[in-house]
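The values are calculated or read from the model by the stated rules, or taken from the named source; none is laboratory data. Quantities reported herein were computed from a predicted structural model and do not represent experimental measurements. Heads up, the Cβs are rebuilt from the backbone with ideal geometry, glycines too, and the neighbour counts pull from every protein chain shown.
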Amino acid sequence: MKQVRTKRLKVVSQPIFSQINASSADVWGECCDLMDWYQYQRGYPHAHRDFYIGKDCEGWLDKNLSKSQPLHSQSIQAVRESYFKSWKSYGVLKKTGGVRKPKPPNKRKQYRTTRWKKAAITFVDNSVSGKRVQLSMGAGRDKLDIPLPKNFDMSETHLVATIDLVYNHGQWELHFTYSNPSCHL
């Protein structure tokens, strides 16, 4: 098991932040719609009640996501992974009776935290305007450019595995997840 640590960093709001998290929520909604269609096509309209997801479901859903949202493909993939993780948790709760009446993860959202994986993250240290992180928004789109404080430690940027854009009680934050593959617990 890899050792993981996180760091939270408050950032100055940009008007696009809300649009980005709304786009992640749209991907979640599309996952919900596609799951309903998947169940209908296979004759499982009872799936929300009895919990059944075929082995091909995750791949099928990934192929059928529109990818039209202004997000990096791996950010879209992170939403899909989170969606299926929620379904698996729901299935465990249904089977074990851990919660009296668990609800399936089929509720649409207005906003959702957006995650960038390592391939979509670039750190810039020697720019004229200071230290920055650039987050890819997908092919053919400008990168999201976020200034970092002067005291930000750039020596560990190669260990950053993911960055989440989080709205936390009126303040925007970046949540960095660092992984250290050489340390095992």
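Things to note:
- Residues located in the stretch 64-115, provided they are among the aliphatic types (A, V, I, L, M) and either closer than 22 Å to residue 37 by Cα or in contact (Cβ under 8 Å) with a residue 40 or more places away in the chain (or both): 65, 71, 76, 78, 79
- Entry remark, the stretch 1-56: residues being in a helix (DSSP H, G or I) and modelled with pLDDT of 85 or more number 21 in total.
- Restricting the stretch 1-38 to residues that are out of contact with any helix residue (DSSP H, G or I) (no Cβ under 7 Å at 6 or more places or on another chain) and aromatic (Phe, Trp, Tyr), the residue that is farthest from residue 137 (Cα to Cα) is 37.
- Count of the stretch 109-132 residues, restricted to those that are over 22 Å from residue 168 (Cβ atoms), loosely packed, with under 14 Cβ neighbours inside 10 Å and under 16 Å from the mean Cα position of the chain (by Cα), is 1.
- Residues that are over 21 Å from residue 27 (Cβ atoms) and hydrophobic (A, V, I, L, M, F, W, C) do occur in the stretch 107-125, at least one of them.
- Within the stretch 108-119, one or more residues are of a type in the set (Phe, Trp, Tyr), at negative phi and in a loop (DSSP other than H, G, I, E, B).
- The conditions of being modelled with pLDDT of 85 or more, in a loop (DSSP other than H, G, I, E, B) and within 30 Å of residue 180 (Cβ to Cβ) are met by residue 71.
- Members of the stretch 133-185 found to be surrounded by 14 or more Cβ atoms within 10 Å (Cβ to Cβ), touching a helix residue (DSSP H, G or I) at 6+ places or on another chain (Cβ under 8 Å) and polar (S, T, N, Q), listed by number: 136, 162, 179
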